[in-house]
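Student: Right, I'll just put the structure down here and ask away after.
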Amino acid sequence: MRCSMIRSMSSITTDPHGKELIRDGNAMYGVLVNRGDIHQFPAGYLTSHWHREFEIFVLDEGEVRVGIGEQNYDLQAGDGCFINSGVIHSFTTLVTTPCRYRSFVFAPEVIGGAPGSVYDVAYVRPLQEKGAPFLRLGGNPEDTTYFTAFDRAFAASETEEYAHEFRVRNALSEVVLYLIKKGAAVEPHFMPAIQEQRLKEMLLWINENLAQNI
């Protein structure tokens with residue numbers, strides 16, 4: 001059974017609150033694999049959105065600005081990032097040359113297993129609920145752990161050989177463990193609940209008034 005298909009997107013669909021409506025992939029697998037160029041999106045901009053899944057991202061070429069709430073982070077070719085569950089984010093190209101990327105969007109349960117398991121309670125849920133909303137990766141020799149595991153997961157997704165799902169899950173587990181370690185040294189500055197709610201209400205208002213001159 002082929003569960004993992006690498007997507008190349010030029011748009012996303014969101015609900016009125018900006019939550020991405022993820023319809024591709026296999027619900028039994030819980031992992032979406034993406035490869036493309038941010039320039040494929042209108043005006044080189046992947047609009048503000050959020051999802052309950054974790055996202056890990058590697059920029060292979062170009063320069064991209066990642067918007068996290070009201071903060072911006074610039075990525076150069078070779079950099080990566082982690083976007084936590086429920087965090088509003090966007091991507092914008094900063095150069096006219098290709099901005100090629102690879103990413104995984106995966107449900108916390110892929111790593112955490114059954115609710116209440118040791119993997120869920122001791123590792124995944126603390127990352128999801130109290131971890132940093134965003135981590136930038138690159139420029140630190142220790143970050144090689146992230147990129148090596150990411151590449152291994154992506155290679156397994158490309159070949160889709162028998163039981164590649166296990167190899168992807170194992171590699172993603174290594175990524176998550178490294179993110180937990182890296183994030184432990186970072187003060188988790190989640191947006192205040194009221195600020196995040198206002199941003200989602202703003203996305204709802206924009207969606208309802210697209211036909212007007214805003």
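Student: For the stretch 14-165, what is the convex hull volume of its Cα atoms per residue in Å³?
Tutor: Taking the convex hull of the Cα positions in the stretch 14-165, it is 132 Å³ per residue.
Student: Let me ask you something else. Quick check: convex hull over the Cα atoms of the stretch 65-152, volume per residue in Å³, rounded to an integer?
Tutor: Values: hull volume 10.1 nm³, N = 88.
Normalising the Cα hull of the stretch 65-152 by residue number yields 114 Å³.
Student: May I pose another question? Taking the stretch 22-111 as the region of interest, what is the percent of Cα-Cα pairs per 10 angstrom bin, listed from the shortest bin to the one with the maximum distance?
Tutor: 17, 51, 28, 4
Readers should treat all values here as calculations from the given coordinates under stated rules, not as data from a laboratory. As the structure is a computational prediction, the values presented were derived from the model and not from experiment.
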